[in-house]
Amino acid sequence: MSFEAQRRRVVEFLVSMGYLRNPSVIKALLTVPREEFVPAHLREYAYVDSPLPIGHGQTISAIHMVAIMTEELNPLPGDIVLEIGTGSGYQAAVLAEIVAKQDPGKRGHVYTIERIPELVEFAKRNLARAGYGDYVSVIQGDGTLGYPEKAPFDKIIVTAAAPDVPKPLIDQLADGGRLVIPVGDLYFQRLLIIDKVNGKLHKRYGIECVFVPLIGEYGWREKS
Ligand code: SAM
């Protein structure tokens, strides 16, 4: 079966399960070629709905998790988005497909931060090959500090597990903006969705999940 047919099959399954509802998120998942974001020797597993290793002890998230987090974030064409935890670049490409590629105003852009230099290069290569190089800026650094140079952000998504919400991310969220982040201990988290409305934070919890740790000044400490 072609990659395109596999992509369609998994998206149809996620729609039938109720994980995917938003037409622009469905279109993005039908468009972004996930096979370009997994290591070459794992391409045949690109549409298996589970996390896959991308080296350095890290993973590309399962397709349903990307679907659920993107639906919760509710990205809109023209949004300026910050992602913490670039990994393969796949989630960033899905976001860029919605906020930038489908934006007639040409404002939308995705900034994504990754702490591991080799994964920064891996993601940049993947994004360029898949046609998202102009819509996504990949930055190496500690994403728990956010990216003050380009703040405020309409949407912020964290794709690694945090012990708590890093304060710089709250500060860098635009009024009217939304932040989605897995919060909990090292082995088990829940998605936390925060809306900033007139400077006030409105919080609600989403699904339970398991992510690799967010390591940094406002995250977990690196093992010495
Ligand atoms: N969104 C990714 C994708 O689409 O492939 C998957 C993210 S992976 C589950 C989590 C990533 O967060 C890892 O690549 C890890 O190195 C990164 N990470 C952990 N702590 C970080 C930090 N403080 N700043 C930036 N990246 C971090």
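Summary of computed values
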{"item": "Failed item, numbered, when ASP164 is tested on (1) outside any helix (DSSP H, G or I); (2) open to solvent by less than 10 Å² (accessible area, probe 1.4 Å)", "result": "(2)"}
{"item": "Complete set of residues in the stretch 172-194 that are of a type in the set (Lys, Arg) and open to solvent by 60 Å² or more (accessible area, probe 1.4 Å)", "result": "ARG190"}
{"item": "Residue list for the stretch 194-219, restricted to those being under 28 Å from GLY141 (Cα atoms), assigned to a loop (DSSP other than H, G, I, E, B) and of a type outside the set (A, V, I, L, M)", "result": "GLY199, PHE211, GLY216, GLU217, TYR218, GLY219"}
{"item": "Test set (1) assigned to a loop (DSSP other than H, G, I, E, B); (2) over 26 Å from GLY206 (Cα atoms); (3) in contact with a helix residue (DSSP H, G or I) (Cβ under 7 Å, 6 or more places away or on another chain); (4) open to solvent by 10 Å² or more (accessible area, probe 1.4 Å) - PRO77 fails condition number", "result": "(2)"}
{"item": "Counted residues, the stretch 98-145 - those being closer than 21 Å to ASP79 by Cβ and outside any helix (DSSP H, G or I)", "result": "22"}
{"item": "Hits in the stretch 25-48 - residues which are part of a helix (DSSP H, G or I), open to solvent by 20 Å² or more (accessible area, probe 1.4 Å) and within 17 Å of MET1 (Cβ to Cβ)", "result": "LEU30, LEU42, ARG43, GLU44, TYR45"}
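Listed here are the residues, each with its yes/no results for (1) open to solvent by 20 Å² or more (accessible area, probe 1.4 Å); (2) in contact (Cβ under 8 Å) with a residue 24 or more places away in the chain; (3) within 15 Å of the ligand (Cβ to nearest atom).
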| residue | (1), (2), (3) |
| --- | --- |
| PHE122 | yes, yes, yes |
| ASN126 | no, yes, yes |
| SER137 | yes, yes, yes |
| ASP142 | yes, yes, yes |
| ILE170 | yes, yes, no |
| LYS196 | yes, yes, no |
| VAL212 | yes, yes, yes |
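The values are calculated or read from the model by the stated rules, or taken from the named source; none is laboratory data. These numbers come from a predicted model, not from an experiment. Methodologically, a virtual Cβ is constructed for each residue, glycine included, from the backbone with ideal geometry; neighbour enumeration extends over all protein chains shown. Keep in mind that these areas ignore ligands, DNA and RNA; they rest on the heavy atoms of the full protein, side chains included. Shrake-Rupley method; radii C 1.70, N 1.55, O 1.52, S 1.80 Å.
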